[in-house]
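Chemist: Just passing along the structure, written as structure tokens.
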2 protein chains.
Amino acid sequence: MSGQTAAIIGGGVIGGGWAARFLLMGWDVRVFDPDPEAERKLGAVLDNARRSLPGLSDVALPPEGALTFHDTIPDAVSGAIWIQESVPERLELKREVYRTVQEHCAPDAIIGSSTSGFRPSELQEHAKRPGQILVTHPFNPVYLLPLVELVPSPSTAAETTETAKAILTEIGMYPLHVRAEIDAHIADRFLEAVWREALWLINDGIATTEEIDNAIRYGFGLRWAQMGLFETYRIAGGEAGMRHFIAQFGPALKWPWTKLMDVPDLTDDLITQIADQSDAQSGDYTIRELERMRDDNLVTILRGLKARDAGAGALLNARDRRVEGAVALPDDLSRPIVTVHRAVPLDWTDYNGHMNEARYLQAFGDATDRMMLLIGCDAEYIATGGSFFTAETHIRHLNEVHAGAVIRIETRVLLGEGKKMHLFHRMYEGTRELATGEHMLIHVNLETRRASAPAPHLAEVLAKVAEAHAILPRPDGAGKAVGVKG
Amino acid sequence: MSGQTAAIIGGGVIGGGWAARFLLMGWDVRVFDPDPEAERKLGAVLDNARRSLPGLSDVALPPEGALTFHDTIPDAVSGAIWIQESVPERLELKREVYRTVQEHCAPDAIIGSSTSGFRPSELQEHAKRPGQILVTHPFNPVYLLPLVELVPSPSTAAETTETAKAILTEIGMYPLHVRAEIDAHIADRFLEAVWREALWLINDGIATTEEIDNAIRYGFGLRWAQMGLFETYRIAGGEAGMRHFIAQFGPALKWPWTKLMDVPDLTDDLITQIADQSDAQSGDYTIRELERMRDDNLVTILRGLKARDAGAGALLNARDRRVEGAVALPDDLSRPIVTVHRAVPLDWTDYNGHMNEARYLQAFGDATDRMMLLIGCDAEYIATGGSFFTAETHIRHLNEVHAGAVIRIETRVLLGEGKKMHLFHRMYEGTRELATGEHMLIHVNLETRRASAPAPHLAEVLAKVAEAHAILPRPDGAGKAVGVKG
């Protein structure tokens, strides 16, 4: 369906996000926004999208569509089969936009509104063709988050809803069909409740914005990123299940645990409805299976954030640094140096629990990083403009290993001379050898990106280790090509 | 501080999670729980923790502590410096537990309560030593999520709070010091508001449990996992900032966008307070920098979930499969086969935007997987008990590449005979060669985990490709050892 045209009415953060998503999915995009800065602002959103969206997929996206800016709405909507309105939340303004749009757009084009809270019936009032207007409410950043709430009204033809779903799916989104009109649809009811509750906490001096953010991102935010509310609670109910969970926290519904004190009666009917819906949603899995899926997801998210040194991942890094203490070469250099000692994390394993091929290189890369630190190639040194880059790697897989197993990498310096650092890593679980990694690194000038000599103090330490290790027998497999017996 | 002792009063999902965390951090753990099934249930939690927690860290944890079960509270608390109460949410029951605990525990031990909502002053009423009892409210799963709300009362000595913080930090948690007592502390006020709002949506037939979960996990849940509420909104305010965001959605505070209609007045004072707190929290970064941090985090989380085929990641996989269509060998086998064509994702790059060393092997691994699919080694074949395992890998890094660049891998079959499949991958950005990967794979019987012959139809297709590729010149670098010029 790429090669089609979308019109964007209002090109701010949300409209710009829509524009970026359509463009990167191969659509031509025509923008109307009276802001004289609109082109620059939308360009900034598009820059962000270009660096982040294409890599989400494991297959290349189609060639980017054409982006044009237009001075009038009639010009912008010309030829568009999708028109996305993202103007401020003022009902009269939105209706005025639809009036102009509908005078000039194709009668079978979809007009989607990014409104956070207005119901489609409200938007459609006074419209020439009410059925053409739907709520299609996205979430910022629109170019990355898949959710879009799709809300038709009774005036909307089923065919229109289906066409809208197909197009949204095609541009990589998840249209959540909201079956009944309600103020603020679904997600924003939660967001609005939390926002109001948060305003109270600040107003009453209970918590700051940062404390509130930490209360979310170090705890339940991590659960909601992967399962949401009900599946999480189904698991929390444990073996006793969803009914038990609801019953356990039933009395709390009457307590002032939030300012939201207008609560439905927790009738048997409502409890049964929830339990049945939860069974339909998650009943294919046992609680134990759900727990493991949840833990796999949480570990994956936490370790991803650790790699970015962000959110809860930054806490994990701080802890590692505290536990690890100072980094120093061992006094005894007559033996290989232990450069990695850790458990195999869940996110390094496949669905059978075996460590993935690429993670062997990640562990060996960590061992190399550690070796660099030990000889003084640390952040301070790198800031002076030099570092080691890996030129070549040879890995031999000898035995399998599972999540949770403690692995140890012992590192030999085979050569440390001139621009070269030649390392040989051996990975063990206990005494069982799992893999070897032979690596040739070249010292590089970070400005020219070309080979260069390391600083003298670095070269000296490296040579000392290489000399000490030279008395050790040459390891099995070193200097061998693929397919040649070690 | 490992080698210390913790007592766990109530060993359900929450108490069991505490027990697992203390144990895996090297503490001895003494459990009291009258449930005859307690030992089995806690064992199940501990199994989950053992597979997930140790790998979170990049350094090995201390040896696990000793776990014992005790018939009485006095016995369980003997020698404990931390006593964690996780019994049901009944105030009288909790007070009764503290009475017995305080008669037998060390007077300077910490008594932490896992209560979701009671204030510490309520818990301390009638206690022998009120100052000894604190709220330490964790989040399920306790062994993975770092957040613990630490709520002292006016009776709590500052020293007690500091000791509690130090111990919680040492076992890998993040103690959020709640400075004022309030029902349900901080996080559970949000959870309770959302829970009540969700009950209305189900009660009124607006949405099912699954639709609600999807409204969370495909949208704002992903934002909250890494930044929370206010930093996300600061970014949404864009160049205009936090004040603009609050002003923009100020009118909505009066609208029925949630059942939480008891709203504080949005005075200039409150707006200034929020804007100032947000500046203190996030003011070190420009909006553009925050946007990129957010996008890095979101891509990392989304791609992590993609690897697990969970949540929003499962949506991405479904889209890839739709776009990709049927998998088939090209008709023309006289050229190398394109096995990967994709953009470099943000989570494959370091802080300078260069692709990480280990991700080259991930891309080559994907190319190998694709080649396996093309010769018929698909899920159906693997289910019959055979597959190819990588025995050896040789990577040469020739040029650097950045996030967002489109890469292409062309694959040659150098040998496809007997149990062996010898592949040579070349990675390009346009015509620029980035790296080569030479891989020896061995066909394996998945039951014995030993080398075995592939099924005849597989062997036949593989031989056909190898034969066709044999007319191509031997690629540069094939058959070379590390450090030997290609």
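Each value in this text was obtained by applying a stated rule to the coordinates, not by laboratory testing. From a predicted model like this one, the values you see are computed outputs, not experimental measurements. So basically every Cβ, Gly included, is an ideal-geometry build from the backbone, and we count neighbours across all protein chains shown.
Chemist: Taking a point 7 angstrom from the Cα of A:L373 along the C-beta vector, which residues in segment B:47-62 have backbone N less than 13 Å away?
Modeler: Hits in segment B:47-62 for A:L373 at 13 Å: B:58-60.
Chemist: Still on this model: Can you sort B:H422, A:H70, A:H439 by how many other beta carbons sit within 10 Å, fewest first?
Modeler: A:H70, B:H422, A:H439
Chemist: In addition: Quick one: helix A:13-24 against the long Cα principal axis of chain A, what's the angle to the nearest 10°, folded into 0 to 90?
Modeler: Helix A:13-24 sits roughly 70 degrees off the main axis of chain A.
Chemist: Whole angstrom only: what separates the Cα centroid of segment B:413-479 from the Cα centroid of segment B:299-322?
Modeler: After rounding, the separation between the Cα centres reads 28 Å.
Chemist: Two decimals is fine: what is log10 I(q)/I(0) at q = 0.11, 0.12 Å⁻¹ for chain A, from a Debye sum with one equal scatterer on every Cα and no solvent?
Modeler: Here log10 of I(q) over I(0) equals -1.08, -1.15.
Chemist: Sticking with this structure for a sec: Sort shortest first the distances from A:P264 to its counterpart in every other copy, using label points 7 Å along the Cα-to-beta-carbon line, and give them in nm.
Modeler: The projected label point of A:P264 is separated from its counterparts by 3.0 nm.
Chemist: Can you list the copy-to-copy distances for A:K464, using a point 7 angstrom from Cα toward Cβ, in nanometres, shortest first?
Modeler: Distances between equivalent label points, in nm: 6.3.
Chemist: Let me confirm one metric for peptide A:260-268, namely the mean number of other chain beta-carbon atoms within 10 Å of its residues' beta-carbons. Walk me through the numbers on the way to the answer.
Modeler: On the way: counts 13, 5, 8, 8, 8, 2, 2, 1, 0.
For peptide A:260-268, the averaged partner shielding equals 5.
Chemist: Could you tell me which of the pairs A:K254/B:K41; A:K306/B:K94; B:K420/B:K480; B:K165/B:K306 are separated by over 26 angstrom between their Cα atoms in the structure shown?
Modeler: Numbers: A:K254/B:K41 31 Å; A:K306/B:K94 37 Å; B:K420/B:K480 18 Å; B:K165/B:K306 36 Å.
Check vs 26 Å cut-off fails for A:K254/B:K41; A:K306/B:K94; B:K165/B:K306.
Chemist: Next question, about the same structure. What nm value, rounded to one decimal, do you get for the distance between B:Y285 and B:D268 when each label is placed 7 Å out toward the C-beta?
Modeler: Result for the modelled spin labels: 3.2 nm.
Chemist: Decide, for segment A:188-291, between rounded, prolate and oblate: order the square roots of the alpha carbon gyration tensor eigenvalues as a ≥ b ≥ c, take rounded if a/c falls under 1.5, and otherwise choose prolate if a/b is larger than b/c, else oblate. Mind showing how you got there, number by number?
Modeler: On the way: a/c = 2.45, a/b = 1.50, b/c = 1.63.
Here segment A:188-291 falls in the oblate category.
Chemist: So what's the angle, to the nearest 10 degrees on a 0 to 90 scale, between helix B:91-104 and the longest Cα principal axis of chain B?
Modeler: 90
Chemist: For the protein assembly as shown, what does the alpha-carbon gyration tensor say about shape, rounded, prolate or oblate, given a ≥ b ≥ c as the root eigenvalues, a/c under 1.5 as rounded, and a/b over b/c as prolate?
Modeler: On the way: a/c = 1.74, a/b = 1.13, b/c = 1.54.
Oblate shape, in that a/c is at least 1.5 and b/c is the bigger or equal ratio.
Chemist: So, one more: Over the whole of B:310-322, what's the average partner chain Cβ count within 10 Å per residue? Rounded to a whole number, please.
Modeler: Going residue by residue through B:310-322 and averaging, the value is 5.
Chemist: Assuming 0.36 nm per residue, please report the length gained on full extension of the stretch A:E239 to A:A66 beyond their Cα-Cα distance. List each step's numbers first, then the result.
Modeler: On the way: separation 173, 0.36 × 173 = 62.28 nm, distance 5.50 nm.
Extending this stretch completely gives an extra 56.8 nm.
Chemist: Right, here's the next one. Once you sort the root eigenvalues of the Cα gyration tensor of segment B:383-461 as a ≥ b ≥ c, which label holds: rounded (a/c under 1.5), prolate (a/b larger than b/c) or oblate (the other case)?
Modeler: Details: a/c = 2.66, a/b = 2.44, b/c = 1.09.
Here segment B:383-461 falls in the prolate category.
Chemist: Given the -39500 (n - 2.57) contribution per DSSP H run of 4+ residues, what per-residue ellipticity at 222 nm results for chain B, rounded to the nearest 500 deg cm²/dmol? Write out the running numbers ahead of the final one.
Modeler: Working: 17 runs with 196 residues, N = 486.
Mean residue ellipticity, 222 nm, calculated: -12500 deg cm²/dmol.
Chemist: Here's something else I'd like to know. Relative contact order (percent) for segment A:188-291, with alpha-carbon contacts under 8 angstrom and 6 or more residues of separation? Don't skip to the end; give the middle numbers.
Modeler: Values: 41 pairs, mean separation 26.0, N = 104.
The value is 25 percent.
Chemist: Hey, got a sec? Which GluC sites (Glu not before Pro) in segment B:387-486 land in a DSSP loop and have at most 13 other Cβ atoms within 10 Å?
Modeler: Numbers: sites: B:E392, B:E400, B:E410, B:E417, B:E429, B:E433, B:E438, B:E447, B:E460, B:E467; in loops: B:E400, B:E447.
Listed in order of number, the matching sites are B:E447.
Chemist: With r defined as the distance between the Cβ atoms of B:D35 and B:A383 and R0 fixed at 56 Å, what FRET efficiency is calculated, to the nearest 0.05? All intermediate terms of the calculation are to be shown ahead of the outcome.
Modeler: Working: r = 41 Å, r/R0 = 0.73.
Efficiency at R0 = 56 Å is approximately 0.85.
Chemist: Roughly how far apart, in whole Å, are the Cα centres of segment A:94-167 and segment B:102-161?
Modeler: Taking the Cα centre of segment B:102-161 as reference, the centre of segment A:94-167 is 51 Å away.
Chemist: Hey, with R₀ at 22 Å, roughly what FRET efficiency would A:V406 and B:D47 work out to, going by the Cβ-Cβ distance, to 0.05? Could you put the intermediate results ahead of the total?
Modeler: Values: r = 17 Å, r/R0 = 0.77.
In this case the efficiency is close to 0.85.
Chemist: Between copies, how far apart are the B:P107 label points? List them in nm, one decimal, shortest first, with each point 7 Å from Cα toward Cβ, please?
Modeler: 8.9
Chemist: Mind listing the phi-derived Karplus ³J(HN,Hα) values for segment B:77-84, rounded to whole Hz, using 6.51, -1.76 and 1.60 with θ = phi - 60°, and x for any glycine or proline?
Modeler: 7, 4, x, 7, 9, 9, 10, 10
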